[in-house]
1. Within segment 82-91, restricting attention to residues that are in contact with a Leu (Cβ under 9 Å, 6 or more places away or on another chain) and not acidic (Asp, Glu), which residue is nearest to Asp71 (Cα to Cα)?
2. Looking at segment 53-100, which of the residues that are within 15 Å of the chain's Cα centre (by Cα) and hydroxyl-bearing (Ser, Thr, Tyr) is surrounded by the fewest Cβ atoms within 10 Å (Cβ to Cβ)?
3. Going by what's in this entry, would Ser16 be described as modelled with pLDDT of 95 or more and not aromatic (Phe, Trp, Tyr)?
4. Residue check: is Gly18 assigned to a strand (DSSP E or B) and either surrounded by 18 or more Cβ atoms within 10 Å (Cβ to Cβ) or touching a residue at least 24 places away in the same chain (Cβ under 8 Å) (or both)?
5. Listed residues Asp94, Asp71; which is free of Cβ contacts under 8 Å to residues at least 12 places away in the same chain and not in a strand (DSSP E or B)?
Amino acid sequence: MFTLLKKMALGIVAVSKGSKTPLQKVLKGDKTIEGFLSGVGTLTITKRDGKIEKHNFSNFTPKKEVEVEIDQTMQWEADENLVFYEICHPPYQDGRFENIS
């Protein structure tokens, strides 16, 4: 992750076709933003109440950001090679996320 003005951190992640990121739970931080850059894939977010949101993205999808809140889980899955970004307010520190799987 890159720290921007010591107020936030930006990470850019590439996920290969057929792969997933680890299932992660947000444990702390003021704001976590997931944003689509290119490729084809899905961001799955599980809310505190168990409701599941699926955000499908492709190169034909308007660029979109999704905020993930504390105690929610998230996971990206690539149907084709996928690139996404993550912005952390305040900057990322160990312990912000817990890998569930």
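1. Step one: list which residues in segment 82-91 are in contact with a Leu (Cβ under 9 Å, 6 or more places away or on another chain), which gives 82-88, 91.
Filter once more, keeping what is not acidic (Asp, Glu): 82-85, 87-88, 91.
Working: Leu82: 25, Val83: 24, Phe84: 21, Tyr85: 20, Ile87: 17, Cys88: 15, Pro91: 18 Å.
Once the filter is applied, the top-ranked residue is Cys88.
2. Going through segment 53-100, the residues within 15 Å of the chain's Cα centre (by Cα) turn out to be 53-57, 63-78, 82-89, 91-92, 96-100.
Then keep just the ones that are hydroxyl-bearing (Ser, Thr, Tyr); that gives 73, 85, 92.
Working: Thr73: 19, Tyr85: 14, Tyr92: 20.
In this case the residue turns out to be Tyr85.
3. Values: modelled with pLDDT of 95 or more: yes; not aromatic (Phe, Trp, Tyr): yes.
Yes.
4. On the way: assigned to a strand (DSSP E or B): no; either surrounded by 18 or more Cβ atoms within 10 Å (Cβ to Cβ) or touching a residue at least 24 places away in the same chain (Cβ under 8 Å) (or both): yes.
So Gly18 does not fit the description; no.
5. Details: Asp71 fails: free of Cβ contacts under 8 Å to residues at least 12 places away in the same chain.
Answer to the selection: Asp94.
The values are calculated or read from the model by the stated rules, or taken from the named source; none is laboratory data. The shown structure was predicted, so the numbers you read here are calculated from the model rather than taken from an experiment. For neighbour counting, all protein chains shown are included, and Cβ atoms are generated from backbone atoms with ideal geometry for every residue, glycine included.
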